[in-house]
Amino acid sequence: MGLIVQKYGGTSVGSVERIQAVAQRVKATVQAGHQVVVVVSAMGKTTDGLVKLAQDISPNPCRREMDMLLSTGEQVSISLLSMALQALGQPAISLTGAQVGIVTEPAHTRARILHIETQRLERHLKEGKVVVVAGFQGVTAAEDFEVTTLGRGGSDTSAVALAAALAANCCEIYTDVPGILTTDPRLVPDAQLMDAITCDEMLELASLGAKVLHPRAVEIARNYGVDLVVRSSWTDEPGTRVISPVRQPRPVENLELGRPVDGVKLDTDQAKVALLRVADRPGVAAQLFGELAQQDLDVDLIIQSIHEGNTNDIAFTVQKASLNQAEAVATAFSPLLRNKNGSTRDSAEVLIDRDIAKVSITGAGMIGRPGVAAQMFSALAAAGINLQMISTSEVNVSCTVMAVDAGRAVALLSQTFDVEMVSQPDWPDQTTEYPAVRGVALDGKQARLAIRDVPDRPGMAATIFQRLADAGISVDMIIQSQRSRSLNGVISRDIAFTVAEGDGDGAHHLLKDAQRDYHWGEVLLDRAIAKVSIVGVGMIHRPGVAAQMFAALAQANINIQMIATSEIRVSCVVAEADGIAALQAIHRAFHLGA
Ligand code: ADP
Ligand code: ASP
Ligand code: MG
């Protein structure tokens, strides 16, 4: 006998028949001796329909009224499911987020959960009822009791948060696929089911576009050690377990407002190789990293920023002991990587820097919190520390700095984010036993911005990203290019980054306004991009994984526009039109299909 939280997504409760089938499953769980709290989404595509209605009235509807509107979808499904349970003779009661007391911060359309009142839930459970709770919604604290929503896909987060607050034995997410697959089966039909995945990998996959789980749900499961399973609501198959480390008990206050950053990392055993002016055509990255892999060189950070004319820059880091070998490969390759009919000016140039260190901050708490990267950049800028390379994902920001600045940088970041330095992340010991790549994801809902000629001095990245953060714009992948230019004696570099498609125009306007004040060059916006990513803890210290991804794209004749990496992830930006083909090619290259 235990307490189970079950969550059913939109398709799972998309019709009367489906609601009745769900009621049967819930009743069977009760008959097996469990107490059950059920969380449901709105029926089928209800939420999309409501969004469309709002947009037909106003292109930019007020966030508060959006919450009032969208929260109605879940109220329909909870009452119907409760009736269906009662019709089966199973006592049940439906409750909205406000009635439960799912208390959130007052941020409309993207609220985070602060805490959950459990008294009423526990009372109904004790009475032998199934409690059916509306997902995706909450309420602000007294006196306003404003209705809030958690962001699209947020019912998963409601369910895992309830499981944490109630100390439930298990949280089961029922959906329209058999569990978590190697990629989206709608785009790659032979995607395979995984029986388990670590929460670190799932967190990356979810934030990179695998919408089967809301990333914030994975974050809560990890922080509170919630036993989380994703399964089909059509079958009795076991589905996929998301494995969280066992955590010490922690207060269920500020459930989602824990620290934005979990740890600060320093790696002083790194050296940088940069190739400037390599040809911007498919296959270049594949050739270079293929040869590095051939020589068993383990590449860590890889960065390729936007092209300039018909050339690109690619920079990467390796362990110091491998630098000579890596330099030799880069130098040998540089003539091959230049433009075919290029002049000498166009030939690739190799730059080496032995005296660098990598500092990183990590933490799922950064997701949806626009200011975290900016805060890191500001702290470093205030201490006069210049950032050389920047590579970010939604859960990680890595920068390289001059080696002499490394100690200071880390001390400062630990202080800024109030966290300890972690020398080694808590990956499983035997990462080589893991497949190099667990999953592949595609995010087609991004836009890319680039600022040319940003003066290369401390504080510029901080200024840019603080401005965006102040406007509530979350930045995903940030890349600072290697190539510098000298204009009237001022050294400058390009910075490129991606944002959610809907924020593209806003970010573009804002940066164009700031352009003159800061003497930047052009600000460019490209909406027609897609991001493909590979994720796996097994790629750590395994040479050649990124090269294999680049080779797959080259074979499909797909040009890579930008590259950014973290320890367990490689992401490439490609043209939007190439997105699905890129996903399929990569999935095939890693033999992830059936
Ligand atoms: P629900 O309404 O149940 O919350 P969602 O539509 O939010 O369902 O999420 C399930 C969908 O996620 C699947 O139908 C599938 O198309 C998509 N998806 C994307 N990536 C993956 C993946 N790696 N594994 C499984 N499903 C995925
Ligand atoms: N109904 C909401 C949405 O469509 C929440 C959810 O389904 O998780 O985004
Ligand atoms: Mg969902």
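Mind listing just one residue for me: the one in the stretch 143-153 that is surrounded by fewer than 24 Cβ atoms within 10 Å (Cβ to Cβ) and within 16 Å of ligand 3 (Cβ to nearest atom) and, of those, nearest to Pro106 (Cα to Cα)? Within the stretch 143-153, the match that is nearest to Pro106 (Cα to Cα) is Gly151.
Within the stretch 74-103, the set of residues being over 16 Å from Val38 (Cβ atoms) and part of a helix (DSSP H, G or I) comprises Ala98 only. Looking at this structure, is Asp144 within 15 Å of ligand 2 (Cβ to nearest atom) and among the charged types (D, E, K, R)? Spelling it out, it is not the case that Asp144 is within 15 Å of ligand 2 (Cβ to nearest atom) and among the charged types (D, E, K, R).
Looking at (1) within 16 Å of ligand 1 (Cβ to nearest atom); (2) touching a helix residue (DSSP H, G or I) at 6+ places or on another chain (Cβ under 9 Å), find the lone condition where Gln24 falls short. Gln24 satisfies all of (1) within 16 Å of ligand 1 (Cβ to nearest atom); (2) touching a helix residue (DSSP H, G or I) at 6+ places or on another chain (Cβ under 9 Å) except (1). Search the stretch 188-212 for residues being in a loop (DSSP other than H, G, I, E, B) and within 8 Å of ligand 1 (Cβ to nearest atom), and hand back the single one that is surrounded by the fewest Cβ atoms within 10 Å (Cβ to Cβ). Once the filter is applied, the top-ranked residue is Lys211.
Just to be sure, is Asp48 touching a His at 6+ places or on another chain (Cβ under 8 Å) and either within 14 Å of ligand 1 (Cβ to nearest atom) or not basic (Lys, Arg) (or both)?
No.
Scanning the stretch 21-45 for residues being away from ligand 2 (no atom under 11 Å from the Cβ), under 33 Å from the mean Cα position of the chain (by Cα) and assigned to a strand (DSSP E or B) gives a total of 3.
I'd like the full set of residues that are part of a loop (DSSP other than H, G, I, E, B) and within 16 Å of ligand 2 (Cβ to nearest atom), limited to the stretch 213-250. Correct list: Leu213, His214, Ser233. Checked against (1) away from ligand 1 (no atom under 15 Å from the Cβ); (2) more than 19 Å from Ser233 (Cα to Cα); (3) in contact with an Asp or Glu (Cβ under 7 Å, 6 or more places away or on another chain), Cys170 meets all criteria but (2). When Phe136 is tested against the conditions (1) buried (at least 22 other Cβ atoms within 10 Å of the Cβ); (2) on the phi < 0 side of the Ramachandran plot, the lone failure is (2).
There is at least one residue in the stretch 111-119 that is under 29 Å from Gly365 (Cα atoms), within 15 Å of ligand 2 (Cβ to nearest atom) and among the hydrophobic types (A, V, I, L, M, F, W, C). Restricting the stretch 147-191 to residues that are more than 11 Å from ligand 2 (Cβ to nearest atom) and of a type in the set (Asp, Glu), the residue that is nearest to the chain's Cα centre (by Cα) is Asp184. Of everything listed in (1) within 12 Å of ligand 3 (Cβ to nearest atom); (2) of a type in the set (Asp, Glu); (3) more than 26 Å from His34 (Cα to Cα), the single unmet condition for Asp156 is (3). Contact list please: Cβ distance under 7 Å, first residue in the stretch 1-20 and more than 19 Å from Phe136 (Cα to Cα) and in a helix (DSSP H, G or I), second residue within 15 Å of ligand 3 (Cβ to nearest atom) and modelled with pLDDT of 95 or more, pairs at least six apart or on different chains. The qualifying pairs are Arg18/Ser12. Applying the set (1) away from ligand 3 (no atom under 16 Å from the Cβ); (2) modelled with pLDDT under 95 to Thr140 leaves exactly one unmet item: (2).
For the stretch 380-425, enumerate the residues that are part of a strand (DSSP E or B) and within 22 Å of Arg369 (Cβ to Cβ).
Ile390, Ser391, Thr392, Ser393, Asn396, Val397, Ser398, Cys399, Met421
Evaluated against (1) buried (at least 18 other Cβ atoms within 10 Å of the Cβ); (2) of a type in the set (Ser, Thr, Tyr); (3) within 15 Å of ligand 1 (Cβ to nearest atom), Ser94 falls short on exactly one condition, (3). Look at the stretch 203-218: where a residue is closer than 23 Å to Val573 by Cβ and of a type in the set (Ser, Thr, Tyr) and a partner is within 13 Å of ligand 3 (Cβ to nearest atom) and assigned to a helix (DSSP H, G or I), sitting 6+ places away or on another chain with Cβ atoms under 8 Å, you get Ser207/Pro215.
Just one of the listed residues (Leu193, Leu181) is in contact (Cβ under 8 Å) with a residue 12 or more places away in the chain and within 16 Å of ligand 3 (Cβ to nearest atom), and it is Leu181. A residue that is in a strand (DSSP E or B), modelled with pLDDT of 85 or more and crowded, with 19+ Cβ neighbours inside 10 Å occurs nowhere in the stretch 327-337. Of everything listed in (1) in a loop (DSSP other than H, G, I, E, B); (2) touching a residue at least 60 places away in the same chain (Cβ under 8 Å); (3) closer than 25 Å to Ala28 by Cβ, the single unmet condition for Gly128 is (2).
If the condition is being within 30 Å of Ala167 (Cα to Cα) and at pLDDT 90 or above, then the stretch 243-289 contributes Ile243, Val264.
Kindly indicate whether any position in the stretch 2-16 is of a type in the set (Gly, Ala, Ser) and away from ligand 2 (no atom under 15 Å from the Cβ). Yes, the stretch 2-16 contains a residue that is of a type in the set (Gly, Ala, Ser) and away from ligand 2 (no atom under 15 Å from the Cβ). Cβ-Cβ distances below 9 Å connect the following pairs, each with a first residue in the stretch 36-60 that is in contact (Cβ under 8 Å) with a residue 24 or more places away in the chain, a second residue that is away from ligand 3 (no atom under 13 Å from the Cβ) and part of a loop (DSSP other than H, G, I, E, B), and a separation of six or more residues or different chains: Val37/Leu166; Val37/Ala168; Met43/Ser15; Gly44/Ser15.
The values are calculated or read from the model by the stated rules, or taken from the named source; none is laboratory data. This one's a predicted model, so the numbers in the text were calculated from it and none came from an experiment. Note: ideal-geometry Cβ built from the backbone for every residue, glycine included; neighbour counts use all protein chains shown.
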